[in-house]
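Novice: Have a look at this one.
Where a number appears in this text, it was derived from the coordinates with a stated rule and is not lab data. Note that this is a predicted model, so its numbers are computed, not measured. Methodologically, a virtual Cβ is constructed for each residue, glycine included, from the backbone with ideal geometry; neighbour enumeration extends over all protein chains shown.
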Amino acid sequence: MARDNYNDLLAFIAVARERSFTRAAAQLGVSQSALSHTIRALETRLGVRLLTRTTRSVSPTEAGERLFINLAPRFEEIDADLAEVLELRDKPRGTIRITATDYVASSILWPRLSKLLREYPDIKIEIMTEYGLTDIVAERYDIGVRLGDQVAKDMIAVRIAPDMQMAIVAAPSYFEDRRPPLTPEDLAEHNCINLRLPTHGGCYAWELANGKNEIQVRVEGQVTLNSSYQMLEAALAGCGVAYIPHDLAEPYVAAGRLCWVMEEWYPTFPGLHLYYPSRRQSSRALALVVEALRYTGTGLAR
């Protein structure tokens, strides 16, 4: 029997259970004549009479009773399974997979999601840290995090941080026997700590800005890493000049372990945004994660 005839079976189950076309029709929200026509069509297709009709009652035949006994519990199980699915829609649960850099995960995601996880024990969070421009659809992530100007137009984007300023820093010990750079051209004379981007296979070109004067600089050095935190550690060890988020470096500058370099060239980028496919059906778990990460303030991340 074709699957589009399942409604006919449901109609038969209703009549067999109620032993009445009148009550079954009311339960199904159809007319008695339409219900009677459905049952006759079902009997014709099966080639067997399912119901015995009299002026006062309706009862299953032997074949009808057997069909009712076998089918009714199965449809009840399906109804129960669907009810459980609907309950999941209202009870937040499931795993939300997020791709972000280690800096974003440590400074933004975990501080905000830790409270959510305590409130909703059935929600699970999986965060993969990477610096590549990941295709979240192909890699089956629920959420990605990028700077605002890097989010594709077909994605839903939600700001999770203020505009971000980058900084150039080095340890005081690095400058014991050399002069600090003053211009982008001076960086060619320094041991710069590079960041390798897996997406392009090359190293990140430092993006610098002084007013309307914007420039990208390819730097050279002994150390190439793939993490902001690794670059911070290398700078603290006096291995060279690093280009890292301003607020990541700030505590170490305040403690005298790092110093600002070329401050007039620090660029500001559109704030970090989480994003997910616009065609994705949003679960309650995803909606709660988005709201927990949503940025509602103003200002600049420094």
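Novice: Need the full-extension length gain, residue 115 to residue 209, defined as separation in residues times 0.36 nm minus the C-alpha distance. One decimal, nm.
Specialist: Details: separation 94, 0.36 × 94 = 33.84 nm, distance 3.75 nm.
So the extension gain works out to 30.1 nm.
Novice: Taking 0.36 nm per residue of separation and subtracting the Cα-Cα distance, what length does fully extending residue 124 through residue 93 add? Intermediate values should be presented prior to the final figure.
Specialist: Numbers: separation 31, 0.36 × 31 = 11.16 nm, distance 0.74 nm.
The span from residue 124 to residue 93 would gain 10.4 nm if fully extended.
Novice: Positive end of the charge dipole of the chain (Lys, Arg +1 and Asp, Glu -1 on Cβ, about the Cα centre): tell me which of 256, 29, 243 has its Cα farthest that way.
Specialist: Working it through, the farthest residue towards the positive pole turns out to be 29.
Novice: Given a cut-off of under 8 Å on Cα pairs at least six residues apart, what relative contact order in percent is computed for segment 1-126? Don't skip to the end; give the middle numbers.
Specialist: Values: 88 pairs, mean separation 23.5, N = 126.
Averaging sequence separation for qualifying contacts and normalising by length gives 19 percent for segment 1-126.
Novice: Quick one: dipole size for the chain, taken about the Cα centre, charges +1 on Lys/Arg Cβ and -1 on Asp/Glu Cβ, in debye to the nearest 20. Walk me through the numbers on the way to the answer.
Specialist: Details: 34 positive and 38 negative charges, 376 e Å.
Using Cβ point charges on Lys, Arg, Asp and Glu, the chain gives about 1800 debye.
Novice: Then there's this: Suppose every K and R has +1 on its Cβ and every D and E has -1 on its Cβ; what is the size of the dipole of segment 163-269 about the Cα centre, in Debye to the nearest 20? Write out the running numbers ahead of the final one.
Specialist: Numbers: 6 positive and 14 negative charges, 45 e Å.
With only Lys, Arg, Asp and Glu charged at Cβ, the dipole is about 220 debye.
Novice: Based on Cα coordinates alone, diagonalise the gyration tensor for segment 163-269, multiply each eigenvalue by 5, take square roots, and list the semi-axes in whole Å, largest first.
Specialist: Details: eigenvalues 66, 53, 43 Å².
In descending order, the three semi-axes are 18, 16, 15 Å.
Novice: Related question: Rg/Rh for the chain to two decimals, with Rh computed the Kirkwood way over all alpha-carbon pairs. Intermediate results must be reported in sequence, preceding the final value.
Specialist: Numbers: Rg = 32.5 Å, Rh = 24.5 Å.
My calculation puts Rg/Rh at 1.32.
Novice: Now, a different point. Please work out how much length the chain gains when fully extended from residue 222 to residue 77, using 0.36 nm per residue of separation minus the C-alpha to C-alpha distance, in nm with one decimal. All intermediate terms of the calculation are to be shown ahead of the outcome.
Specialist: Numbers: separation 145, 0.36 × 145 = 52.20 nm, distance 6.56 nm.
Stretched fully, the residue 222-residue 77 segment lengthens by 45.6 nm.
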